[in-house]
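The values are calculated or read from the model by the stated rules, or taken from the named source; none is laboratory data. Computed from a prediction, not measured in an experiment: that's the story for all the values here. Cβ: placed from backbone, ideal geometry, glycine included. Neighbour counts: every protein chain shown. Surface accessibility is based on the protein's heavy atoms, side chains included, excluding ligands, DNA and RNA. Shrake-Rupley method; radii C 1.70, N 1.55, O 1.52, S 1.80 Å.
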Amino acid sequence: VNTISSMDDNETLAVIAAFSSTQPAVYYMYDMEANSLRFLASSRPWVKPEEMAEIKPVEFQARDGLTLHGYLTLPPGSEARNIPLVVNPHGGPWARDGWGYNPEIQFLASRGYAVLQVNFRGSTGFGREHWLSSKKQWGGSMQNDVSDAVKWAVEQGVANADKVCIYGGSYGGYSALMVAARDSGQVKCAISVNGVTDPILRLSEYTPDSNAYNHYELMLGSGRFSDDASRAAIMPVRQAGAMSAPILIMHGREDTRVPFRQFTRMREATGNRPNFTFVEMEGEDHFLQSTYARSDVLNRTRTFLEAHHPVQ
């Protein structure tokens, strides 16, 4: 894929970014008047594309018939049969996974895991109807889509039904915890990074009638709950008792997007149960800006997977 990254005021010089699912962005200067192309730099010159895993688009049906799109990555050199799977729901949730080089996905694939990304309902880039189908579906059909993605991978023979783990950040961390609660027999472990654990509390932290509040409420639909039980059903902090698989929860103390209180509420709710591991990341925000933080998360993820979701 080639895209225009920037252009001069005269629109005669353009910086072109070229990338693929195995090649991080490489930048060139294109001179339109001279019709010449000059190499500038590689964003990750140490990456060897021939050693990377290809990310391929997939399509499947949700239980209610909605067509969902995602991406499947297999370990380099492997066949799509009976592979240990890591499901990686994206954050946002009004965002999407796209095709291109993804260091987290490559990291997991290099360790022998198939990785499945799913653009559940509400993901952007698939039209207004797909987006609006997430209305009042936080913890509902948005969550079902992720479970249906796992079912699809197993039915296709790609994934081993007994070797599935789920790993996500932000809303993806919420989704990982909810799969561990609602479909405890479907996954062997779950990992949440800066994830929402109490969506009702999160709504109360926004300024009423602000854009953020209204957008969040559109998905959450807090008025849809007829009783306390229906409200608790979408809250990981209220569902901790149903989570029997090993669970790793990491959170930056300086996170303002998903405040650290979401982490402490979950830790309090678990009552120090031994299947939960909590990691506080000092000085880190929601986006894990430092190289150390990103490396630390991946290393802890690797260690956790080796212990609870080994490839062999």
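Worth a mention:
- Charging the Cβ of each Asp and Glu at -1 and of each Lys and Arg at +1, and nothing else, the dipole of segment 1-144 about its Cα centre rounds to 760 debye.
- Considering only the Cα atoms of segment 226-312, their convex hull presents on average a projected area of 7.1 nm².
- Computed over segment 1-111, the range of Cα coordinates on each principal axis works out to 53, 33, 21 Å, biggest value leading.
- Our summary of shape: the Cα atoms of segment 160-312 have principal axis extents of 50, 35, 28 Å, ordered from largest down, in whole angstrom.
- Approximating the spin labels as points 7 Å out from Cα along Cα→Cβ, the Val311-to-Asn10 distance works out to 5.3 nm.
- When +1 charges are put on Lys and Arg Cβ atoms and -1 charges on Asp and Glu Cβ atoms, the dipole computed for segment 251-293 relative to its Cα centre reaches about 260 debye.
- Dividing the summed -39500 (n - 2.57) terms of all DSSP H runs of n ≥ 4 by the residue count of the chain sets its mean residue ellipticity at 222 nm at -8500 deg cm²/dmol.
- On a per residue basis, the chain carries 47 Å² of accessible surface, using protein heavy atoms and a 1.4 Å probe.
- q = 0.08 Å⁻¹, the chain: log10 I(q)/I(0) [Debye, one scatterer per Cα]: -0.38
- Peptides ranked, highest mean first, by Cβ atoms within 10 Å: ranges 231-237, 274-280, 5-11: 231-237, 274-280, 5-11
- Built from the Cα atoms of segment 175-262, the convex hull projects on average onto 6.1 nm², one quarter of its surface area.
- Prolate/oblate/rounded label for segment 264-312 (Cα gyration tensor, a/c 1.5): oblate
- Rounded to the nearest 20 debye, dipole of the chain from Cβ charges on Lys, Arg, Asp, Glu: 960
- Label-to-label distance for Ser226 and Ala34 is 7.2 nm, based on points extended 7 Å past Cα in the beta-carbon direction.
- Nearest-0.05 FRET efficiency for Trp131 and Ser204, computed from C-beta distance (R0 35 Å): 0.90
- Rounded, prolate or oblate (a/c below 1.5 giving rounded, otherwise prolate when a/b exceeds b/c) for segment 129-216 by Cα gyration tensor: prolate
- When the charge dipole of the chain is built from unit charges on Cβ atoms (+1 for Lys and Arg, -1 for Asp and Glu) and taken about the Cα centre, the candidate among Thr12, Pro310, Gly271 whose Cα reaches farthest toward its positive end is Gly271.
- Annotation: lysines with alpha-carbon distance below 26 angstrom to Lys151 (same-chain offsets under eight excluded): Lys56, Lys135, Lys136, Lys163, Lys188.
- Anisotropy class of segment 78-169 from Cα gyration tensor, a/c 1.5 cut: prolate
- Taking 0.36 nm per residue of separation and subtracting the current Cα-Cα distance, fully stretching the chain between Val279 and Asn299 would add 5.9 nm.
- Partner aspartates and glutamates for Lys48 [C-alpha distance under 18 Å; skip if fewer than 8 residues away on the same chain]: Glu104
- Here the relative contact order of segment 150-192, from alpha carbon pairs under 8 Å that lie six or more residues apart, stands at 40 percent.
- Residue ranges 144-150, 239-245 sort as 144-150, 239-245 when ordered by packing (mean number of other C-beta atoms within 10 Å per residue, highest first).
- Counting only alpha carbon atoms, the long axis of helix 171-182 and the longest principal axis of the chain meet at about 40°.
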